[in-house]
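The next block holds one structure in the form of structure tokens; read it before the comments.
Computed from the coordinates by the stated procedures, all read-outs in this text should not be read as laboratory data. Just so you know, these numbers come straight off a predicted model, no measurement behind them.
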Amino acid sequence: MSKLRQKKTNYNEEIIKALIEKYGFKRDYIYKSIRGERVGTYPLKIQEEYKTLEAASKKIINEKINDL
């Protein structure tokens, strides 16, 4: 009766909201696109944009931390 538990992934909500506004898709579709569960041109674009925006936000946060 032991089930494997997957760790719940936390996504940046501000980036998710921006992608929803930009593409007009539902939140569920955006999440599945980022995870790679959807196939097509839009899911690939969404995946790439999420990764670049997340990297940029992490970079800015690290710069602010170093400035303190």
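Its relative contact order, with pairs defined as Cα atoms under 8 Å and 6+ residues apart, puts region 1-53 at 28 percent.
Full extension of the chain between residue 27 and residue 47 gives 5.9 nm of extra length, using 0.36 nm per residue less the Cα-Cα distance.
Extension gain for the segment residue 37 to residue 20, taken as residue separation times 0.36 nm less the Cα-Cα distance, is 4.4 nm to one decimal.
When only alpha carbons are used to place a centre, region 5-28 and region 33-68 end up 11 Å from one another.
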